[in-house]
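Here's the structure we're looking at; comments come further down.
The values are calculated or read from the model by the stated rules, or taken from the named source; none is laboratory data. What you see is a predicted model, and the numbers here were worked out from it, not measured in a lab. Please note: Cβ atoms are built from the backbone with ideal geometry, for glycine as well, and neighbour counts cover all protein chains shown.
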Amino acid sequence: MRILGIETSCDETSVAIVSEQDGQFVMEKNELASQVKIHAQYGGVVPEVAAREHASIVFALMEQGQIPHDGEGIDAVAVTAGPGLVPALRIGVELGKSLAWAWKKPLVAVNHLEGHIYSVWFEQLAPLFPAVCLLVSGGHTELIVMRGHGQYELLGMTRDDAAGEAFDKVAKLLGLPYPGGPEISRAALKGNPAAIDFPRPMMHSGDYDFSFSGLKTAVRVRRAEHPDDTVEDVAASFQQAAIDTLVAKTMKAVHQVQPASVILSGGVSANRLLRETLHGQLTDKAPEVSFHAPQLSLTGDNAAMIALAGLMKAKRGEFVDPLTLVADPNMRLA
Ligand SMILES: Nc1ncnc2c1ncn2[C@@H]1O[C@H](COP(=O)(O)OP(=O)(O)OP(=O)(O)O)[C@@H](O)[C@H]1O
Ligand SMILES: [Mg+2]
């Protein structure tokens, strides 16, 4: 099977073609146009601006032949239907519907978070089930148990800000540009993670929920009271506090669920310290559990992961009507 994937849920416009050959997933194409520079001037993503950009980029991609005009060789179309920004999602959804209808190909509606999880299936070694998934992105922070393909149970999630959102907001407090995650981790390389003892929110709450808004406030208060702290020390200490909570809760889930594998994915999974800390803890405390994280180029939003998740759904015959599909900004996984 060869599937076209479309992703426009936030500020990346992406189309991809993925096929399955001898049980391996092949990324034949993954075109990505980032709008980060456009939104950076506003300090965050402006939905209407994102939608306008998506619309002009998808037509440019078509003109360049990145989307086959007649659908030849494509067996199905997969599109991100949610969660995300409604005006942005709609561009991809309407494009997917139009192509599927015109080409007379089946249409698959993909949950963006499911796409992030499936980004690790491009690696040589596929995760075994059950898998504990730590999904950390700009809009979500969730611990999920995956018992099989397409089977998700939510263990816990953030009660306020997502981890990526906290990185972005703390970066702003420190005068670093948007998106803040990579900037914080870069600054943190030169800082002391033990310089400031920031709170580890909900670390011992007994459940699997997270909270990052208090940590962000702690950084703001500290900044006001100790203006002489270096940006590097604040970044390193904040990053350490955020990672400590993420890893502690994931390890708690590992002890309870006894999974065969752990999947780390989403934009924040690009964070090297987070990867190394979680992998290290697993090697120490649960060496039988395999660790999976996407290649760095697939940590952020991309259509390849949407195509792969869509391909799995297509194999199960989970199609939607191209005339009636609507974008769902609050689409849930479990
Ligand atoms: N090295 C890093 N360390 C920490 N955070 C990072 C790093 N690289 C990227 N991020 C963060 O990842 C987030 C973007 O991830 P992603 O694109 O998956 O989010 P999104 O698509 O906006 O949200 P969602 O997937 O929840 O809809 C941003 O908040 C960014 O700051
Ligand atoms: Mg995303």
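So how many residues does the stretch 250-301 have that are among the small types (Gly, Ala, Ser) and in a helix (DSSP H, G or I)?
Counting residues in the stretch 250-301 that are among the small types (Gly, Ala, Ser) and in a helix (DSSP H, G or I) gives 6.
State all residues of the stretch 119-134 that are within 16 Å of ligand 1 (Cβ to nearest atom) and out of contact with any helix residue (DSSP H, G or I) (no Cβ under 8 Å at 6 or more places or on another chain); if no residue qualifies, say none.
Of everything in the stretch 119-134, just one residue is within 16 Å of ligand 1 (Cβ to nearest atom) and out of contact with any helix residue (DSSP H, G or I) (no Cβ under 8 Å at 6 or more places or on another chain), namely Val120.
Name, by its number, the condition in (1) out of contact with any Asp or Glu (no Cβ under 8 Å at 6 or more places or on another chain); (2) part of a strand (DSSP E or B); (3) within 11 Å of ligand 1 (Cβ to nearest atom) that does not hold for Val110.
It fails just one condition, (3).
So which residues in the stretch 174-189 are of a type in the set (A, V, I, L, M) and either closer than 19 Å to His140 by Cα or crowded, with 18+ Cβ neighbours inside 10 Å (or both)?
If the condition is that a residue be of a type in the set (A, V, I, L, M) and either closer than 19 Å to His140 by Cα or crowded, with 18+ Cβ neighbours inside 10 Å (or both), then Leu174, Leu176, Ile184, Ala187, Ala188 are the ones that fit.
Taking the stated definitions as given, is Ala224 surrounded by fewer than 18 Cβ atoms within 10 Å (Cβ to Cβ) and assigned to a helix (DSSP H, G or I)?
When the stated conditions are applied, Ala224 passes them.
List pairs: first residue in the stretch 175-187 and assigned by TED's automatic domain parsing to the domain that holds Gln240, second residue outside any helix (DSSP H, G or I) anywhere in the structure, Cβ distance under 7 angstrom, at least six positions apart or on different chains.
As it stands, the answer is Tyr178/Gly43; Tyr178/Gly44; Gly181/Asn271; Glu183/Leu176; Glu183/Pro177; Ile184/Leu176; Ser185/Asn271; Ala187/Leu176, since those pairs meet every condition given.
For Asp207, all conditions in the list (1) assigned to a helix (DSSP H, G or I); (2) within 26 Å of the chain's Cα centre (by Cα); (3) among the charged types (D, E, K, R) hold save one; what is the number of the exception?
(1)
Could you check Lys172 against (1) within 16 Å of ligand 1 (Cβ to nearest atom); (2) under 20 Å from the mean Cα position of the chain (by Cα); (3) not acidic (Asp, Glu) and say which number it fails?
Failed condition: (2).
What are the pairs, 6+ residues apart or on separate chains, where a residue within the stretch 85-112 that is farther than 15 Å from Ala55 by Cβ has its Cβ under 6 Å from a residue that is of a type in the set (Lys, Arg)?
As it stands, the answer is Val108/Lys313, since those pairs meet every condition given.
Considering each of Val49, Val58, Val86 in turn, give the residue that is within 16 Å of ligand 2 (Cβ to nearest atom) and either more than 28 Å from Pro127 (Cβ to Cβ) or polar (S, T, N, Q) (or both).
Every option except Val86 fails the conditions.
Which of the residues that make up the stretch 266-298 are touching a strand residue (DSSP E or B) at 6+ places or on another chain (Cβ under 7 Å) and of a type in the set (S, T, N, Q)?
Ser269, Ser290
Inside the stretch 86-100, can you point out the residues that are surrounded by 21 or more Cβ atoms within 10 Å (Cβ to Cβ) and among the hydrophobic types (A, V, I, L, M, F, W, C)?
Ala88, Leu89, Ile91, Val93, Leu95, Leu99, Ala100
For the stretch 135-153, what are the residues that are within 16 Å of ligand 1 (Cβ to nearest atom) and either of a type in the set (Val, Ile, Thr) or under 20 Å from Thr80 (Cα atoms) (or both)?
Listed by number, the residues that qualify are Leu135, Val136, Ser137, Gly138, Gly139, His140, Thr141, Glu142, Ile144, Tyr152.
Within the stretch 11-55, can you find the residues that are surrounded by fewer than 16 Cβ atoms within 10 Å (Cβ to Cβ) and of a type in the set (Val, Ile, Thr)?
Scanning the stretch 11-55 gives Val26, Val36, Ile38.
State which residue is surrounded by the most Cβ atoms within 10 Å (Cβ to Cβ) when the search covers only the stretch 101-115 and only residues that are out of contact with any helix residue (DSSP H, G or I) (no Cβ under 6 Å at 6 or more places or on another chain) and within 30 Å of Ser269 (Cα to Cα).
Applying the filter and picking the extreme gives Leu113.
State yes or no: is Gly156 small (Gly, Ala, Ser), within 23 Å of Ala235 (Cα to Cα) and within 20 Å of the chain's Cα centre (by Cα)?
Spelling it out, it is not the case that Gly156 is small (Gly, Ala, Ser), within 23 Å of Ala235 (Cα to Cα) and within 20 Å of the chain's Cα centre (by Cα).
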